[in-house]
Amino acid sequence: MDQVFPSDFLWGAATAAFQIEGSVRADGRGPSIWDSFAAVPGAVLGGAGGDPACDHYRRHTEDVALLSELGLPAYRFSTAWPRVMPDGRTPESRGLAFYDRLVDDLLDRGIRPLVTLYHWDLPQALQDAGGWGARDTASRFTEYACAVYDVLGDRVEDWTTFNEPFCSAFLGYGTGVHAPGVRDEGLAFVAAHHHLVAHGTAVRALRGRGARKLAIVLNFSPVLADSSDDAHLDAVRRFDGLHNRFFLDPVLGRGYPEDVRADLAHVPEFSRAVLDGDEALVAAPVDWIGVNYYAPTRVVPLSGPEIPSNSGLPGLRGVDVLPPRGPLTSMGWEQRPESLTDLLVWLGKRCGGVPLVVSENGSAFTDVVEPDGRVRDVRRKRYLAEHLRAVHAAIALGADVRGYLAWSLLDNFEWSFGYTQRFGLVHVDFETQRRTVKDSGRFFAEVVARNAVPAE
Ligand code: GBH
């Protein structure tokens, strides 16, 4: 029996500029924090950087043709701020022209573009001026958002401000495993707040310019524990607060969660960064919430509420993260599709009428192109099928999920893992730039064509 999706369900695939484009010096592009970070020895596996990545900047026509060949009705990509404004402030028409052509190509093929304005590639010039630690960066972001909107807004309906501010702020300025590689607990929260201020300000500005659908993309990780005694429940609450509610609640207009604020008493920089009126600013209404889901997190309480966490997550105390269980992906992430159902049902209730789109979901495995030209990625195909059934189950349970965008169209630059982790529906040979649709890609194309996933 097939599990059939709603008739207007949106299917597609996602990418991000820095992960696929390459051509980091073309057409006046300025350096981003990821160019600088990748140049630091030891920051990225294999010493890899953003060039040539998938050489998408030069091969975009071929890649749009690939989307079309797979029959995907939607494509989520990000615009690179350092192409549009090489110094973070001054528009560069050649950078804007690239996205202008890309959107036209997509529309010519009947593919709906969803634009993400920020997927982690801050212009280095703005980092030099304080980066997300500086409140001014939020104003610069709004100007950048408007510059992109003014060129693409007549053809692009869906706009998302940020991809995963959690990663950009907490991993970029807290754990330092992402660019700009800063390790400063206080700054991580200041940066997080400035992302949200930028989101709210940009949503208002774009709404004022007539944008039809505005959204933000957040990453979520359902939290599991081995017991439901008070200590375990409190550990779950703490991790969930920081990981899942910290960004969501202010966007939904509820302000920062009270319990998280209390847990953050030891981070005075945070409450100092939140000015009067900021929470109202962040609360600008959105039309949908993008949900990125990969894996759950397992936690255990520590013997005291102030003991530092092994996760290294800024602000987190009294909670350790346990190793993942069962079948893992090559990232070492747990495969647990029921957590996606739980997450979507929970969000469906919490978001009170704001529709959800699964804006990223996918898995990394080691893939090889076999002599017959096929990539038999059985495990990715299974992960995909199981997670699509999990989305279907959430809809049956009442969650308002409007679409599913697979991560990713192409194998690409997987941040600090460089080119060692492959998430694509399409295999990329990084020597020859040859693209090969994987078995999982063919499978996804069938699901999309039939608007249904085969039951187990
Ligand atoms: C997404 O990030 C990105 O949007 C995308 O660019 C990327 O390629 C893709 O996923 C695959 O990684 O919270 O410190 O314990 C997902 C990032 C990975 C964030 C797991 C949270 C857990 C580390 N998520 N991570 S931590």
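Quick note: the coordinates plus some simple rules give every number you see, no bench work behind them. Since this is a predicted model, take the numbers as computed values, not measurements. Note that each Cβ is placed from the backbone with ideal geometry, even for glycine, and that neighbours are counted across all protein chains shown.
Just a few scattered comments:
- The chain: calculated mean residue ellipticity at 222 nm from DSSP helix runs of at least 4, using -39500 (n - 2.57): -11000 deg cm²/dmol
- Residue list for segment 351-380, given a label point 7 angstrom along the Cα-to-Cβ vector of Arg442 and an amide N cut-off under 19 Å: 365-380
- Note on the chain: Cα-Cα pairs beyond 41 Å make up 10% of the total pair count.
- Set of aspartates and glutamates with alpha-carbon distance to Lys381 below 18 Å, sequence-local pairs under 8 removed: Asp2, Glu334, Glu338, Glu360, Asp367, Glu370, Asp411, Asp439, Glu446, Glu456
- The distance linking segment 98-172 with segment 372-438 is 23 Å (Cα centroid to Cα centroid, whole angstrom).
- Under the criterion of Cα pairs below 8 Å and six or more residues apart, the relative contact order for segment 231-313 equals 38 percent.
- Cα-based reach from Lys349 at 13 Å (exclusive), listing aspartates and glutamates while leaving out same-chain residues under 8 positions away: Asp249, Asp400
- Relative contact order of the chain, defined on C-alpha pairs under 8 angstrom at six or more residues apart (%): 18
- Beta bridges per DSSP with both ends in segment 2-454, % antiparallel, nearest 5: 25
- Per-residue Karplus couplings for segment 40-56, computed as 6.51 cos²θ - 1.76 cosθ + 1.60 with θ equal to phi - 60°, are listed in order as 7, x, x, 6, 10, 3, x, x, 6, x, x, 10, x, 6, 9, 6, 5 Hz, Gly and Pro entered as x.
- Across all directions, the average projected area of the convex hull around the alpha carbons of segment 343-432 is 7.1 nm².
- At 0.890 mPa s and 25 °C, Stokes D of segment 1-99 from Kirkwood alpha-carbon radius, µm² per second: 160
- Extension gain (nm, one decimal) between Arg135 and Asp150, 0.36 nm per residue minus Cα-Cα: 3.0 nm
- Separation of alpha-carbon centers, segment 272-345 and segment 1-25, rounded to whole Å: 23
- FRET efficiency, 1/(1 + (r/R0)^6) with R0 41 Å, evaluated for Thr61 and Leu275 via beta carbons: 0.35
- Charge dipole (debye, nearest 20) of the chain; +1 at Cβ of Lys and Arg, -1 at Cβ of Asp and Glu: 500
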